[in-house]
Amino acid sequence: MDTNELKSRSAGFALQILKLVDQLPVLKSNYIISNQIGRSATGVAANYRAACKARRYKEFVAKLGTVVEEADETCYWLELLEQLNMENDEVVRLKIESNELVSIFSAAL
């Protein structure tokens, strides 16, 4: 997968998470999760974009490490949604995608 494909995939992932957040029932627990998962998922795309513009290899590796952390954090919040009985096909699909992104970006480190 090339840089542009990964940019597109990570941005698409962030958008899908934001759409999921908009569909969650209005509950206090969902508010907390929505805020965190929205930040971590958009952080995947934003930090990968920043990594691609890195001036030095060290800077690239540091940003890519942040991408891995954000993707893994997103997976955590999706797992929490499952535990709160908010699991549906979209949550399961996004959890798989999150794990795939962790693997892809980890392999690049």
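We did not get these values from a lab; they are worked out from the coordinates using the rules stated. This is a predicted model, so every value here is computed, not measured. Every residue, glycine among them, receives a Cβ derived from its backbone with ideal geometry; neighbour counts consider all protein chains shown.
Tabulated data
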quantity: Trypsin sites (Lys or Arg not before Pro) restricted to DSSP loop in the stretch 8-77 with at most 11 other C-beta within 10 Å; calculated: Lys53, Arg55, Arg56
quantity: In degrees, nearest ten, helix 89-107 long axis to first principal axis of the chain (Cα); calculated: 20
quantity: Among (1) 13.9, 44; (2) 19.7, 57; (3) 29.8, 100, the entry derived from the coordinates for Rg and Dmax of the Cα atoms in Å; calculated: (1)
